[in-house]
Amino acid sequence: MLPAAVHAGVLAIATVVALAVSAATARAQAGKVAEIAGYDGPDREQRLVEGGKREGALTLYSNAPTDDNAALIGAFTKKHGIKVNLWRASSEDIRQRALAEARARRFEVDFILNNSAAMEALRSEKILQQMTSPYLADLIAPAVPPHREWVGFCLNVLVQAYNTDLVKKHELPASYRDLTNPKWKGRLGIEVDDYDWFAGLVEALGVDEGLKLFRDIAAVNGFSVRKGHTLLANLVVAGEVPLALTVFNYTAEQLRRRGAPLDWFALEPVVSMPNSIAVANTAPHPHAAMLFLDFMLTDAQTILAGRDYVVSSSKVASPLDRGTLKVLDAAKFLADGDKWQRLYTGAISSRK
């Protein structure tokens, strides 16, 4: 049996060797992914298809609704015959898991679908791969940041939704200022974490004026503050929240089409944040990941538009005029996020 000091030394050497091997493996994988993601030769599609078939699988982390994930994965698998292993979670859980895996040098995730602020956080940790695709040229400018380590496949647009049994069209506010009318007392709902929307809206209104306005609305009429956009939309349908200020446009439209007593409208300015896609820079299935990127920028655009999303491709029609939307700068919001979270929480809980 080895003396304790010698045993400890052997373990230390083994740990150093293991870390060195792991680091070398990570560098080699990153180099391979970068080569595949950056290739733009005339046989690019053929290379990706052949490589994707060899790899046979893809691991996707997504914060999209379950039905939307199913529609996208089903269409992709049918087209390419590649199995997609899905892990669906919240934006923050996806960010934390991808970060933990990168730090542990575990190569598990190939492709990430998440909001752009969370993507910026991963980008700052050097987890994402710069990407090249001929279909990037079809996207609206705000969806393609210069670094191309993530791109926006759609815009998350928050609109106002109301219960049509409890609120009539002629009653609807024409501006946010109209929400200070006491007739809205106890009738307004809002999502607890929409401080990114709040940041864009308040900056568009003028920071001092915008903050005062929301404090006034809260003081006069109050907000029913809820956790989760789907929950908030369903509470509108149930009549518990007659008018919600922050519901995703696609959720509202899908509910309306199903015959729910809900309709929606959009007060100016209309704020949006890119919902984004990215390839991990140590993706174990890089060909399949790049095929999924191309799919998300082409076929998926039509699929999602049919599900009432505001997609990023200028070749696909949108339910809202993309040119009039205020698109948030994800990097700027990430840097100022703590400030806006504090201001938002303070504003929507104001009381006289």
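Overview of values
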quantity	calculated
Net charge of Cβ neighbours under 14 Å - reference A100; Lys, Arg +1; Asp, Glu -1	0
Sites matching GluC sites (Glu not before Pro) across region 82-125 that sit in DSSP coil, with at most 13 neighbouring C-beta atoms within 10 Å	E125
Coarse-grained scattering of region 144-283 at q = 0.21 Å⁻¹, given as base-10 log I(q)/I(0) from a Debye sum over alpha-carbon atoms	-1.31
Helical contribution to [θ] at 222 nm, DSSP H n ≥ 4, -39,500 (n - 2.57), averaged over the chain, rounded to 500	-15000 deg cm²/dmol
17 Å reach of a label modelled at D216, 7 Å along Cα-to-Cβ, counting backbone N of region 158-195	173-185
Efficiency of FRET between R342 and D321 - r from beta-carbon atoms, R0 56 angstrom, step 0.05	0.95
GNM flexibility winner over the chain from N181, N281, N249 (Cα, springs under 10 Å)	N181
Stokes-Einstein diffusion coefficient of region 228-352, Kirkwood radius over Cα pairs, 10 °C, 1.306 mPa s, in µm²/s	91 µm²/s
Separation of the F265 and K227 label points, Cα + 7 Å toward Cβ, nm	3.2 nm
Most mobile listed residue (T282, T77, T298) in the chain, GNM with C-alpha springs under 10 Å	T77
Where labels lie 7 Å past Cα in the beta-carbon direction, separation of Q96 and K169 in nm	4.6 nm
Gain in span if fully extended, A70 to D178, counting 0.36 nm per residue against the direct Cα distance	34.9 nm
Pairs of alpha carbons in the chain whose separation is greater than 25 Å (percent)	57 percent
Total charge dipole magnitude, region 162-210, about the Cα centre, Cβ charges on Lys, Arg, Asp, Glu only, Debye to nearest 20	500 debye
Separation in nanometres of the label points that stand 7 Å from Cα toward Cβ, at A104 and K185	5.4 nm
Note, ³J(HN,Hα) from phi for region 136-149, Karplus 6.51, -1.76, 1.60, rounded to Hz, x at Gly and Pro	4, 5, 7, 7, 5, 4, x, 8, 10, x, x, 6, 6, 8
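Coordinate-derived values only; no laboratory data. Model, not experiment: these values are computed from the prediction. When we count neighbours, we look across all protein chains shown, and the Cβ atoms used for this are built from the backbone with ideal geometry, even at glycine.
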